[in-house]
1. Restricting attention to segment 134-150, does a residue exist that is within 21 Å of the chain's Cα centre (by Cα), surrounded by fewer than 19 Cβ atoms within 10 Å (Cβ to Cβ) and of a type in the set (A, V, I, L, M, F, W, C)?
2. Would you confirm, using the coordinates I've provided, whether residue 145 is more than 13 Å from the ligand (Cβ to nearest atom) and either free of Cβ contacts under 8 Å to residues at least 40 places away in the same chain or part of a loop (DSSP other than H, G, I, E, B) (or both)?
3. Where residues in segment 115-127 are of a type in the set (Gly, Ala, Ser) and on the phi < 0 side of the Ramachandran plot, which of them is farthest from the ligand (Cβ to nearest atom)?
4. Taking only segment 113-137 into account, find how many residues are under 22 Å from residue 85 (Cα atoms) and touching a strand residue (DSSP E or B) at 6+ places or on another chain (Cβ under 6 Å).
5. Residues that are within 16 Å of the ligand (Cβ to nearest atom), part of a strand (DSSP E or B) and in the same structural domain as residue 118 (by TED's automatic domain parsing): does segment 80-89 have at least one?
6. Scan segment 93-105 and report the pairs whose first residue is assigned by TED's automatic domain parsing to the domain that holds residue 121 and whose second residue is hydrophobic (A, V, I, L, M, F, W, C) and near the ligand (Cβ under 8 Å from one of its atoms), with Cβ atoms within less than 6 Å and a gap of 6+ or a chain change.
7. I'd like to verify a number: residues in segment 106-131 that are part of a loop (DSSP other than H, G, I, E, B), surrounded by 14 or more Cβ atoms within 10 Å (Cβ to Cβ) and touching a residue at least 24 places away in the same chain (Cβ under 8 Å), how many?
8. Taking the condition of being more than 23 Å from residue 88 (Cα to Cα), in a loop (DSSP other than H, G, I, E, B) and at pLDDT 75 or above, how many residues in segment 31-70 meet it?
Amino acid sequence: MFDAGRRDFLGLAAIGSALAALGTALAGVLRLPKPAVLPGPMRVYKLGDPAQFAVGSVVKMDAEQLYLFRDERGFHAISSVCTHLGCIVAHSEREGFACPCHGSKFDTQGKVTGGPAPTGLAWLEVSLSPDGQLQVNGETEVSRGTRFQVG
Ligand code: FES
């Protein structure tokens, strides 16, 4: 009599476990069609009239996570996102860039000079939008040293 109750309990437990496993598998299958990482919004930033940026200026753009530079050769933009774990780097004209999180250092061109950062800071594409505004494409890297000249 005791054995029969125990067998019933074990049978119910086995069925319950099987249903739980089936439910988990089904939940996994339902997740499959959706990508695990969704594409973010396009990161193209319009920065306004190029004439507002004087030659020799450096502008930190917090929302866009970049520094915009204008020198006698043109415009260039360097990402302010540290390539180690994504902290925002600080810029100093003489020393380059420094990350406050784990101490990575980058020269004035964004090349790694110290710390755990695996690669240099990205140089981002600068161009002119059809309506004449300076724009930076946060999705497109250009080679270090590339300048964009306005008309
Ligand atoms: S996030 Fe910049 S050094 Fe770690």
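The values are calculated or read from the model by the stated rules, or taken from the named source; none is laboratory data. All values derive from a computational prediction rather than experimental measurement. Methodologically, a virtual Cβ is constructed for each residue, glycine included, from the backbone with ideal geometry; neighbour enumeration extends over all protein chains shown.
1. The answer is yes, given that some residue of segment 134-150 is within 21 Å of the chain's Cα centre (by Cα), surrounded by fewer than 19 Cβ atoms within 10 Å (Cβ to Cβ) and of a type in the set (A, V, I, L, M, F, W, C).
2. Values: more than 13 Å from the ligand (Cβ to nearest atom): yes; either free of Cβ contacts under 8 Å to residues at least 40 places away in the same chain or part of a loop (DSSP other than H, G, I, E, B) (or both): yes.
Yes; evaluated as a whole, the condition is true for this residue.
3. 127
4. 9
5. yes
6. Cβ pairs passing all conditions: 97/89; 99/82; 99/87; 99/89; 101/87; 104/82; 104/117.
7. Of the residues in segment 106-131, the ones part of a loop (DSSP other than H, G, I, E, B) are 107-111, 115-122, 129-131.
With surrounded by 14 or more Cβ atoms within 10 Å (Cβ to Cβ) added as a condition, the list becomes 107-111, 115-117, 120-122.
Now narrow it down to the ones that are touching a residue at least 24 places away in the same chain (Cβ under 8 Å): 109-111, 115-117, 120-122.
Residues that pass the stated criteria total 9.
8. 3
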